[in-house]
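Below is one structure, written out as structure tokens; the observations come after it.
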């Protein structure tokens, strides 16, 4: 299982963010070589510890990717290619968007090149200045979806899932634990993600994105309003 949630009760049930917990996603990877690679990393992290293996699996997205780490992960490179490879649309869940996130100029470039970019975010996850920067580039940004429209309290967006060209022959989705718009996460923290091209998986996951988009608001709540 490759997931983006934390293993605590608040991610699966009522919590301070609302009565339905947080929006998260996971995929089950049954490829024997992928599973063997993930298991080898797990074993390397288990006492008495061992050097990390070198991953050659194109479907796995590893952090940290900083040059000071060995082996250097592929997450920065893979996420860069993922964004730059979108030709028609990008659907992005963003828990937080750092002001200097290295992916931001890339999604702006894609939007300016005619790619339809949509971002679902938490109101308190980024500055209003960042929201204006994105919207000025033609990117659509919405906030605080509610669970299937059945409650009035927003979910907390914890998922980092992204979709490039869903529904097309070249569609691909990213699932994983990397906070894609916080530089430290892909660069300096042990994280795992996966690239998925299976059409049925992407269709199911993207249906949640569309549902959340329909229940989200274009208005970014103020921190005080979000706290209320």
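Observations on the structure shown:
- Filter result for residue 193 (touching a helix residue (DSSP H, G or I) at 6+ places or on another chain (Cβ under 9 Å), surrounded by fewer than 14 Cβ atoms within 10 Å (Cβ to Cβ) and within 21 Å of residue 27 (Cα to Cα)): no
- Yes/no for residue 138 being touching a helix residue (DSSP H, G or I) at 6+ places or on another chain (Cβ under 9 Å), in contact (Cβ under 8 Å) with a residue 24 or more places away in the chain and on the phi > 0 side of the Ramachandran plot: yes
- Among the criteria (1) outside any strand (DSSP E or B); (2) buried (at least 16 other Cβ atoms within 10 Å of the Cβ), the one residue 207 does not fulfil is (2).
- Scanning region 53-67 for residues that are in a loop (DSSP other than H, G, I, E, B) and under 24 Å from the mean Cα position of the chain (by Cα) yields 54, 55, 56, 57, 58, 59, 64, 65, 66, 67.
- Checking residue 29 against (1) in contact with a helix residue (DSSP H, G or I) (Cβ under 9 Å, 6 or more places away or on another chain); (2) outside any strand (DSSP E or B); (3) in contact (Cβ under 8 Å) with a residue 60 or more places away in the chain; (4) within 30 Å of residue 109 (Cα to Cα), the condition it does not meet: (4)
- Test: residue in region 68-75 that is surrounded by 19 or more Cβ atoms within 10 Å (Cβ to Cβ) and not in a helix (DSSP H, G or I): yes
- Enumeration of residues in region 89-107 that are part of a loop (DSSP other than H, G, I, E, B), out of contact with any helix residue (DSSP H, G or I) (no Cβ under 7 Å at 6 or more places or on another chain) and farther than 13 Å from residue 79 by Cβ: 98, 100
- Condition broken by residue 43, with the remaining ones in (1) touching a residue at least 40 places away in the same chain (Cβ under 8 Å); (2) assigned to a helix (DSSP H, G or I); (3) surrounded by fewer than 14 Cβ atoms within 10 Å (Cβ to Cβ) satisfied: (1)
- Of the candidates 183, 179, the single residue that is surrounded by fewer than 21 Cβ atoms within 10 Å (Cβ to Cβ), modelled with pLDDT of 95 or more and within 15 Å of the chain's Cα centre (by Cα) is 183.
The rows are residues; the columns are (1) without any contact (Cβ under 8 Å) to a residue 24 or more places away in the chain; (2) surrounded by 20 or more Cβ atoms within 10 Å (Cβ to Cβ); (3) under 28 Å from residue 128 (Cα atoms).
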position	(1), (2), (3)
13	yes, no, no
50	yes, no, no
77	yes, no, no
85	no, no, yes
93	no, yes, yes
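- Output for region 129-156, where each listed residue is within 17 Å of residue 222 (Cα to Cα) and at pLDDT 95 or above: 129, 130, 131, 132, 141, 142, 143
The values are calculated or read from the model by the stated rules, or taken from the named source; none is laboratory data. Small disclaimer: the values here were computed from a predicted structure and weren't measured. Heads up, the Cβs are rebuilt from the backbone with ideal geometry, glycines too, and the neighbour counts pull from every protein chain shown.
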